[in-house]
Amino acid sequence: MENNKESFKRELSDTVSFKLNDTYFFDDDVPYSAFSGEDALEIIIPSEEEAPTDNTIPAEETEKYENTVFPSVKKSFKPSEISVTDLLYTAEDKIEFIGEEAVRLVKYIFSKASPLFVIPWLLISNLAVTVWKKLRALPKKVHLSLTDDIKRIALELKAIVNAAKAVKKKRALVFSRAMGKYFLMSFKRHSHFWKTLLNISLPLATCFIIFLAGRVATKDSTFALEVIYNGSSLGYIENTDTFEKGRAQALGLLSSSQENADKGLSKQPQYKFSRVKISELSNSQMISEGIISESGENYVRACGVYIDGEFICAVKNESDAVAVFSKILAPYESKAEEGTMVNFVEEIEYIQGYYNEDSGLIWDTGKLQSMLSKPKAEAKYHKVKKGDSPASVAKQYGLTRKQLRTLNPGKDFDKFPSIKKLLVAEEENYVRVKVMKTRTRKVSIPYETVERQTATLAKGTKKTSQNGSYGQKVITELVTYINGEISYTSFLSEKITKNPVNKIVLIGTKTYSSPVYGGTVTSRGFTWPTRGAYSISSRYGYRNPGISGWGFHGGIDIIRYGGSSGIPVVASASGTVVTAYSGWSGYGHTVVINHGNGISTRYAHMQPGSICVRAGQYVYQGQQIGRIGSTGNSTGPHLHFEVLVNGRKVNPLNYVR
């Protein structure tokens, strides 16, 4: 029902035309024309010159404009026209109006609220928009009476607090009584402030209560879809993806080996929008079981047996299927040593699912055991025909010749035409047992040869200062036996038990100051073995019986008429000294040089103390190695010179002349 103030304002806006510099009176209960009194609110309409042009009132002029309402001054302001709405509706009036509107809306919400709280939430949002628009529409120039009320209340409360502080005894009691009396008086003195505060707080409190009620009501519930499948309800789901996931799981549970398994699961569901408790929601697993039960087929839950991914059958109890395969392994496990692993070569899987009891896919353990005891495929042989060859037979059956030979170890393929038949495919069982066990074996570790240069040996000379020896390591590997034969091995670890010892060879770098004599080099790369003696007293071959030491002479004797003793003996070609012997028997003081390619030379009967090379030394062509003497089995000073090819004496003149 419209109150007197609203009626008065409406009537005033329709009939009154205000003029500048006139004074008017009104209050909340009686028309302006019939009211006068000390409590009346005086409204002074200032002239154009007196009206402030900004939105603030200077602090020093607050008293002057305390009861003055300034209309909104726009660019198009005309002195003779003033908006009645701007004059009569102050900021407090508009806030009060918004509060009344909010209360009416809240009452409407409570009377018309939907059980699902959808409509209340929409209305609250509309209310928020309306309040926001009303607040934005407030005039920029705000009446100061509400602000003054707040300031006065603050000052009065401060005065009460200060008065209470002055009391020494029973301060709390005095303060509480003073506050009680003050609030009773304040509701009368500042009624406009408290009404405005109530109009604002009540709608906000109501909205907050509605919000809390909505949260409590929807805390354990949610919107969901009821799934109707084949005329039956399967439960409630959050979205359609849950159903599709459940259908996919149902197809997986029915096994791909069952023909037309998806025909009974292809029906389309129907959905109903509902609000349910969260605990009533179904997951994809529950939906999949519901789909299977409503498919119309005679499905039962069983355990599928798969060998290397191939479906064999289904057994109602998984433990029974496991027992059948364990029985096959039992004899191997009883003989296995400690640390030996026994298992199947093939991968055995037990998959729970639903199987059609009328399809013949569900077996008992006896049928499964009987099937596993028989070969999956018989051995296959090829009868050798005229014109066959190992290559053609292997190609015919997709084998290599090596595989064909491995399948027939007792056949002599060098006499292929005599072979009657060949095994081209072994008997194949459903499962094969593999035995895996570790073994260790010792392996030699080879040593390395390290060469080191040394100045203690002549250049070109090599000498072994340390002999090499093999090391040893123990390798641990996993050996897999299939059908009693080694199929493959896998490396596990290795441990070195003995480190190898490297062979050290010294290479000489020392050079000797022995003189090197030039000379003519023959086409075979040799030079005359002396410098100063060029006569031959005894040639290569058989000697005459009258000559001392007659018989076969394996070299030539070189002398100088007039005296041969002390004449330098040189290396006929470069090479390595094999022997540097100092002795009085046989050849006497002798040097043997290896020139490579199986050729070596011998220099015998040299002067005592004249040998200036050593075994292992590398000498150059023309380098002095000693002097002519008469040591050993000799009748006078001379050089006995031999050339040996692969250990056999040949005529030296073929090399030095």
May I ask which of 327/437; 335/367; 335/495; 380/421; 327/380 have a Cα-Cα span longer than 18 Å here?
327/437; 335/367; 335/495; 327/380
Per-selection Kirkwood Rh - region 512-656 (Cα, Å, 1 d.p.)
14.9
With bins of 10 Å, the percent of all Cα-Cα pairs of region 303-452 per bin from 0 is 9, 25, 20, 21, 16, 6, 2, 1, 0
Scattering profile of region 222-297 at q = 0.16, 0.20, 0.24, 0.27 Å⁻¹ [log10 I(q)/I(0), Debye over alpha-carbon scatterers]:
-0.52, -0.78, -1.06, -1.28
Kirkwood hydrodynamic radius (Cα pairs, Å) of region 380-426?
10.4
Charged-residue dipole, Cβ positions (Lys, Arg, Asp, Glu), region 380-426 about Cα centre, Debye nearest 20
140
Using alpha carbon coordinates only, what is the Rg to Rh ratio of region 397-498, with Rh defined as the Kirkwood radius?
1.28
Å³ per residue of the Cα convex hull, for region 582-657?
103
For 371, 185, 436, what ranking results if the residue with the fewest other Cβ atoms within 10 Å of its Cβ goes first?
185, 371, 436
Which one, 326, 343, 369, projects farthest toward the positive side of the charge dipole computed for region 304-377 from Cβ point charges (K/R +1, D/E -1)?
369
Taking a cut-off of 25 Å, what percent of all Cα-Cα pairs in region 431-580 are separated by more than that?
65
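Bear in mind these aren't lab numbers, they're just calculated from the coordinates by the rules spelled out. Note that the structure is predicted; figures quoted are calculated from it, not measured. Methodologically, a virtual Cβ is constructed for each residue, glycine included, from the backbone with ideal geometry; neighbour enumeration extends over all protein chains shown.
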